[in-house]
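S.K.: First the structure, then my questions, so here it is.
None of the figures in this text is laboratory data; all of them are computed from the coordinates on show. Since the structure is predicted, the reported quantities are computational estimates derived from the model, not experimental observations. Neighbour counts are summed over all protein chains in view; Cβ atoms, including those assigned to glycine, are modelled from backbone coordinates with ideal geometry.
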Amino acid sequence: MSKTVDQWFMDTVLPLEAELERFLARHWSDASEVRDLRQEVYSRLYKAAANGLPHNTRALMYSTARNLIIDLVRRKRVVSIETVMDFESWDVSSEEAGPFETVSARQELSMLRTALETLPRRTRDIVQMRRVQGMSQRDTAHALGVSEPTVERHVSKGVRLLADALAKLGVHRGAVISPANDREGERER
Amino acid sequence: MNAEHALLSADDAEQAAADWLARLDRDGLLNGPVDVDALCDARHDFDVWLNAEVAHRVAFLRAATAWSRAERLAALRTNGAIPRRPILHRPVIQMLAAAACIAMAALVVIPLGLFDGAPGQPAPLHYQTARGEIKTLTLEDGSVLTLNTDTSVDVIFSDDERQVALIEGEVFFDVAKAPERPFLINAGEGQVRVLGTSFGIERRQNVVEVAVSEGTVWIGSSAHADMSESILMPGMIGYASVSGVMVETSGVEAVGQRLLWREGRLSFDDTPLREVAAEFNRYNTIQLVITDDVTGDIEIGGTFRLDNVEAFARLANQGLGLDVSHAPGRIELSSK
């Protein structure tokens with residue numbers, strides 16, 4: 001079961017990350033907490049899906065995000081007013097995106113390359129040797145004349161930066177991206 | 001506004017997930033598609049960590065997905081090395097530093113009585129906005145002025161100087177660089193001189209407030225032209241009044257919040273309701289009235305649309321439990 005849920009999470013939830021973070025940033029005034037909120041939404045989604053995979057992941061994601069914000073607001077005396085204010089106008093169904101576009105293998109590759117280029121040089125070299133050249137961490141360490149723990153540290157750093165960069169680019173493999181028809185954003189302008 | 005007591009830190013979970021990934025990768029366990037169950041079977045300590053919190057699992061899945069996608073980069077191997085972009089950071093920083101030096105070097109005492117109408121000076125161009133109106137103008141030098149609600153300015157450009165008089169209200173300046181042609185702003189109690197930069201300036205009753213988002217700005221008090229002045233860097237807010245200039249280092253983020261009105265929004269952080277009401281009242285004909293001190297002292301935070309005072313009042317009712325009563329042209333808020 002957990003394998004199915006893991007797969008659903010990777011294929012269906014993760015591609016929505018940029019969209020989810022935009023939504024949270026719009027409705028939560030403290031930008032530094034958006035990642036924590038996103039993480040909590042992920043956990044709640046995962047727990048919900050463990051009891052049965054949802055039919056519409058995007059709709060579930062938005063209502064989960066909304067409920068999380070409502071929970072947090074209720075728990076606090078000092079209210080993030082905009083969030084409460086927007087309860088009335090939050091029509092979760094309106095968040096459903098329009099036409100989707102599948103990312104081609106070539107686009108995917110060029111996005112990966114862009115993400116890779118955002119890494120600091122040392123980290124990028126090591127990620128490149130591991131993933132592009134297919135060298136082991138040990139061989140990478142030998143080739144660069146650094147210790148294995150150093151390589152391991154760069155891999156850890158590299159994967160974090162890559163995950164963020166890829167999320168920012170808004171697409172995951174074989175997944176869909178929504179074009180820039182961000183209705184919510186327009187409404188606010 | 002913080003939610004620490006309710007939320008796990010994403011940073012902690014993501015760092016731990018990345019560390020686990022690097023460790024599993026070191027041991028050669030991460031080749032091929034992500035199979036968390038198999039990893040748990042292979043490493044008991046990983047199993048324990050992963051299943052301690054759902055947050056751990058989702059963070060690991062996120063990292064493992066990125067790592068596994070990166071494997072596709074191997075397709076580039078036949079195409080030779082990955083082209084590198086030139087590293088831009090250093091030159092940019094140097095350029096900015098150079099610009100700052102120019103700005104500093106150009107600091108001279110501002111002539112008082114800027115608008116006393118030197119002979120042969122062109123007539124000022126006048127611009128203004130009504131209550132609730134926000135307007136953007138592009139001047140002939142390419143500088144862009146965003147006028148906030150109830151604002152009035154005069155613009156006089158000559159060959160060697162660009163002058164703006166802020167008669168009332170608030171303006172965000174995005175000043176085009178032209179070192180040979182300084183940009184001067186006269187706002188009564190405060191005067192500002194810049195070469196090319198972005199900042200907001202508001203003239204209130206007795207004080208002029210300057211919030212800098214980019215570049216370097218000289219601010220001086222007109223009452224103490226020779227002794228009271230300051231250089232403002234990004235993230236600083238300067239206040240000029242008859243008693244001099246005061247500078248607050250608020251950070252670039254706070255300055256950004258302070259300037260959110262340009263997007264039609266207001267942002268507050270633990271701000272007393274009476275100040276929030278005063279801010280809203282600048283933009284709306286319907287005035288928010290706080291009837292008692294207890295209500296006025298309630299601190300709120302958040303970001304709001306500045307033109308939606310009705311919704312704000314509804315929220316004060318639902319979210320804060322305040323009494324809201326409507327009268328013509330005003331909405332009264334009071335504690336029950």
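S.K.: If we sort B:281-287, B:123-129, B:185-191 on the protection proxy, mean other Cβ atoms within 10 Å, highest first, what's the order?
M.R.: B:185-191, B:281-287, B:123-129
S.K.: Now a separate question. Output ³J(HN,Hα) for the range B:231-247: one whole-Hz value per residue in order, computed from phi by the Karplus curve 6.51 cos²θ - 1.76 cosθ + 1.60 with θ = phi - 60°, and x for Gly and Pro.
M.R.: Each residue's phi maps through the Karplus curve to give 9, 9, 10, x, x, 9, 10, x, 10, 10, 9, 4, 8, x, 10, 10, 10 Hz.
S.K.: Work out the mean other chain Cβ neighbour count within 10 Å for the residues of B:298-309 and drop it here as an integer.
M.R.: That average works out to 5.
S.K.: Looking at the P(r) of the range B:10-78, how many percent of alpha-carbon pairs lie beyond 16 Å?
M.R.: It works out to 44 percent of all Cα pairs.
S.K.: Then there's this: Which ³J(HN,Hα) values, rounded to whole Hz and listed in residue order, are derived for the range B:294-311 from phi using the Karplus coefficients 6.51, -1.76 and 1.60 in 6.51 cos²θ - 1.76 cosθ + 1.60 with θ = phi - 60°, glycine and proline given as x?
M.R.: Per residue, the Karplus-derived 3J(HN,Hα) values read 4, 5, x, 7, 4, 9, 10, x, x, 10, 10, 6, 6, 9, 10, 5, 4, 5 Hz.
S.K.: Non-local amide H neighbours of B:Leu306 (under 5 Å, H modeled in plane, Pro and chain starts lacking H): which ones?
M.R.: Result for B:Leu306 returns B:Arg265, B:Leu266.
S.K.: Return the long-range amide H neighbours of B:Leu288 (sequence gap of 5 or more, or a different chain), with a cut-off of under 5 Å between placed amide H atoms.
M.R.: Residues meeting the criterion, in which the H sits 1.01 Å from N, are B:Asn281, B:Ile331.
S.K.: Looking at the range B:144-195 from every direction and averaging, what is the projected area of its Cα convex hull in nm²?
M.R.: Averaging across all directions leaves 3.3 nm² for the Cα convex hull.
S.K.: Principal axis extents for the range B:189-309, Cα atoms only, whole Å, descending order, please.
M.R.: Taking the Cα atoms of the range B:189-309, the three principal extents are 44, 27, 24 Å.
S.K.: For a quick size check, give me the Cα extents of the range A:105-169 along its three principal axes, largest first, whole Å.
M.R.: 34, 19, 15
S.K.: Under the rule of at least 5 residues apart or a separate chain, name every residue whose amide H is placed under 5 Å from the amide H of B:Glu214.
M.R.: B:Ser198
S.K.: Whole-Hz Karplus ³J(HN,Hα) for the range B:205-212, in order, using 6.51 cos²θ - 1.76 cosθ + 1.60 and θ = phi - 60°, x for Gly and Pro?
M.R.: So the Karplus estimates, Gly and Pro as x, are 3, 10, 9, 10, 10, 10, 10, 9 Hz.
S.K.: Continuing with this model, one more query. Give the Rg (one decimal place) followed by the Dmax (whole number) of the range B:109-256, computed from C-alpha coordinates and expressed in Å.
M.R.: Rg, Dmax (Cα atoms, Å): 14.1, 44.
S.K.: Take every Cα-Cα distance within the range B:264-334, group them into 10 Å bins from 0 onward, and report for each bin the whole-number percent of pairs it holds.
M.R.: Values per bin, smallest distances first: 21, 64, 15.
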